[in-house]
Amino acid sequence: MTFYDDRETLPADARERALLARLPGQIAHARASAPAFSRLLEDVDPDTIISREALATLPVTRKSELLEQQKAARPFGGFAAVGWGAACRRVFASPGPLYEPEGARPDYYRLARALHAAGFRAGDLVHNTFSYHFTPAGSMMETAAHALGCTVFPAGVGQTEQQLAAIVDLQPNAYVGTPSFLRILLEKADEAGLRPSFTKAFVSGEAFPPSVRDAFAARGIQAYQAYATADIGLIAYETPAREGLVVDEDILLEIVRPGTGDPVPEGEVGEVVVTTFNPDYPLIRFGTGDLSAVLPGASPCGRTNLRIKGWMGRADQTTKVKGMFVHPGQIADVVRRHAEIRRARLVVDNPDLNDRMTLMCEVAGGGSEALATAVASSIRELTKLRGEVAFLPSGALANDGKVIDDVRVYN
């Protein structure tokens with residue numbers, strides 16, 4: 001079976017209609033069952049949120065804000081719709097600590113779809129080297145493998161010699177973990193004169209450049225990657241086409257301008273914002289803090305869902321200038337005040353070790369002295385700091401999602 005289910009090949013417009021039809025019910029559920037969303041969406045009529053344009057009017061809840069919200073309302077900041085008991089099978093702590101619930105439904109994190117695309121099938125023995133302690137990665141992969149009918153060896157991290165001994169004894173054909181640890185296992189096996197039995201691998205948690213992928217393939221291991229988080233579960237996954245990552249069927253994904261909730265045009269780099277249909281942890285417009293961009297068209301593999309380029313950096317570009325924090329949202333507010341500006345980037349440097357801010361603005365027609373004065377006044381008002389203004393032609397700024405570029409050098 002090439003595809004995990006029929007949804008992967010739905011016409012794009014049919015998928016969009018189906019997702020949007022589910023949206024009002026999920027928003028109503030979040031309002032009724034998660035105290036944080038009861039407050040955030042208090043004035044929202046769920047029945048009116050039936051388009052992406054309507055969804056974009058709702059507030060973004062950013063991962064970077066969750067720590068303080070959880071401190072104020074343990075354990076989950078009021079965003080979960082489940083409490084202790086049978087509905088919440090496990091609770092995990094990611095660095096922060098940020099606490100995440102794991103519901104009792106099979107394949108709770110929806111990663112079986114990604115494993116299937118990577119060639120995992122019933123009867124495989126999966127050597128799972130993600131951690132089973134504190135963080136959910138081990139459980140995320142194990143529950144997905146079980147959903148496919150695989151057997152799992154819970155190897156966890158470290159203890160390389162013991163892991164190699166288990167690999168020799170059990171002969172697992174599939175690896176799950178970071179690409180760097182797979183490389184370590186292969187190198188240690190070479191030193192010991194052993195030949196690992198892996199023929200397939202599913203990696204995440206780190207960058208996975210083509211050079212590493214090709215090195216694994218040269219050893220007979222076909223490896224694929226996915227983009228997932230502890231809060232959301234699967235967001236997007238690689239397929240045999242090797243062209244970007246295909247978005248999961250059970251989320252609504254947006255790319256927004258960093259520091260705002262405003263969707264960017266297709267192809268422009270921005271922050272990944274996800275709305276889930278998870279009834280236990282119903283995150284509405286959850287800002288991951290990760291940068292990516294939508295790829296045009298459908299994947300050659302036959303899957304028709306939206307594709308993204310993959311992880312392209314972090315969206316939280318807040319920096320401190322002369323003792324004051326400057327946020328991407330403040331720069332977005334400056335731009336909103338001046339319709340002539342198409343795109344902008346604040347460059348922070350320090351000639352002679354003195355902090356300087358320059359707002360680089362793409363403006364059709366080259367701009368004017370009057371506009372420069374007005375923009376500088378907005379910078380001063382919104383950031384409480386002085387900033388210079390420079391005008392650039394349209395298309396001059398790199399499409400990399402940067403709103404603030406801190407290039408200061410300290411010698």
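The values are calculated or read from the model by the stated rules, or taken from the named source; none is laboratory data. These figures come from a predicted structure and were not determined experimentally. Counting neighbours? That spans all protein chains shown, and the Cβs are built from the backbone with ideal geometry, glycine included. The protein model used for the area step is the full one, side chains on, heavy atoms only, and it has no ligands, DNA or RNA in it. Shrake-Rupley method; radii C 1.70, N 1.55, O 1.52, S 1.80 Å.
Here segment 390-411 is scanned for amide nitrogen atoms under 14 Å from the site 7 Å beyond the Cα of Thr358 along Cα-to-Cβ, giving 390-393, 397, 405-409. About the centre of its Cα atoms, segment 1-45 shows a dipole size close to 120 debye [charges on the beta carbon of Lys, Arg (+1) and Asp, Glu (-1) only; nearest 20 debye].
Charge tally around Ser131: other residues with Cβ under 15 Å, Lys/Arg +1 each, Asp/Glu -1 each, net -3. Once C-alpha pairs closer than 8 Å and six or more residues apart are averaged by separation and normalised to the residue number of the chain, the relative contact order reads 13 percent. Close amide H contacts of Gln222 (hydrogens built in the peptide plane, cut-off under 5 Å, sequence separation of 5 or more or a different chain): Lys200, Ala201.
Label-to-label distance, Ala72 versus Asp47, with points set 7 angstrom from Cα along the beta-carbon direction: 3.2 nm. Charges were assigned to the Cβ only: +1 to each Lys and Arg, -1 to each Asp and Glu. The resulting dipole of the chain about its Cα centre is roughly 280 debye. Counting only protein heavy atoms and a 1.4 Å probe, segment 23-81 has 49 square angstrom of accessible area per residue.
Farthest toward the positive end of the dipole of the chain, out of Asn399, Cys150, Asn350, is the Cα of Asn350, where the dipole comes from beta carbon charges about the Cα centre. What's the longest bit of the chain with no exposed chymotrypsin sites (Phe, Trp or Tyr not before Pro), using DSSP loop states and at most 15 other Cβ atoms within 10 Å as the test? The answer is 135-409. Find, among the trypsin sites (Lys or Arg not before Pro) in segment 96-179, those assigned to loop by DSSP (not H, G, I, E, B) with at most 15 other beta-carbon atoms within 10 angstrom. Here the trypsin sites (Lys or Arg not before Pro) that fit, given the DSSP loop and packing criteria, are Arg121.
Could you grab the relative contact order for segment 19-94? Cα pairs under 8 Å, six or more apart, rounded to a whole percent. Intermediate results must be reported in sequence, preceding the final value.
Values: 49 pairs, mean separation 24.2, N = 76.
The value is 32 percent.
Working from Cα pairs under 8 Å separated by at least six residues, relative contact order for segment 254-328 is 26 percent.
Grab the DSSP H runs of the chain that are 4 residues or longer, score each as -39,500 (n - 2.57), total them, divide by all residues and round the 222 nm result to the nearest 500 deg cm²/dmol. Rounded to the nearest 500, it is -8500 deg cm²/dmol. Computed over protein heavy atoms with a 1.4 Å probe, the accessible surface of segment 101-212 works out to 41 Å² per residue. Only protein atoms count toward the accessible area here, which uses a 1.4 Å probe; on the chain, the carbon and sulfur part of that area reaches 54 percent.
Cα-based radius of gyration for segment 74-156, normalised by 2.2 N^0.38 Å, reads 1.15.
Would you compute the Debye intensity of the chain from its alpha-carbon atoms alone, equal scatterers and no solvent, and pass along log10 I(q)/I(0) at q = 0.13 Å⁻¹ to two decimals? Scattering profile of the chain, log10 relative to I(0): -1.18. Three principal axis extents describe the C-alpha atoms of segment 140-209; from largest down they are 35, 29, 21 Å. Annotation: lysines with alpha-carbon distance below 24 angstrom to Lys320 (same-chain offsets under eight excluded): Lys63, Lys384, Lys402.
For Leu234, what charge total do you get from the other residues with a beta carbon under 11 Å from its beta carbon, if Lys and Arg give +1 and Asp and Glu give -1? Charge balance near Leu234 sits at -2. You can think of it this way: the chain between Asp214 and Arg337 has 39.4 nm of extra reach, that is 0.36 nm per residue less the Cα-Cα gap. For Arg343, the residues whose modelled amide H falls within less than 5 Å of its own, excluding neighbours fewer than 5 places apart on the same chain, are Glu362.
Among rounded, prolate and oblate, which fits segment 43-120 when a ≥ b ≥ c are the square roots of the eigenvalues of its C-alpha gyration tensor, a/c under 1.5 means rounded, and a/b larger than b/c means prolate? Oblate is the answer for segment 43-120, as a/c is 1.5 or above yet b/c matches or exceeds a/b. Probing with 1.4 Å while keeping every protein chain in the model, the per residue accessible area of segment 277-324 equals 36 Å².
Please report the equivalent ellipsoid semi-axes of segment 208-316, computed as sqrt(5 x eigenvalue) of the Cα gyration tensor, largest first, in whole Å.
On the way: eigenvalues 123, 47, 38 Å².
Semi-axes from the Cα gyration tensor: 25, 15, 14 Å.
Label point of Ala370 set 7 angstrom out along Cα-Cβ; within segment 383-407, no amide nitrogen lies under 11 Å from it.
In this simple spin-label model, placing a label point 7 Å from the Cα along the Cα-to-Cβ direction at both Asp13 and Thr151 gives a separation of 4.9 nm.
Kindly identify segment 246-300 as rounded, prolate or oblate by the Cα gyration tensor criterion: order the square roots of the eigenvalues as a ≥ b ≥ c, call it rounded if a/c is under 1.5, otherwise compare a/b with b/c, prolate if a/b is larger, else oblate. Verdict is oblate for segment 246-300.
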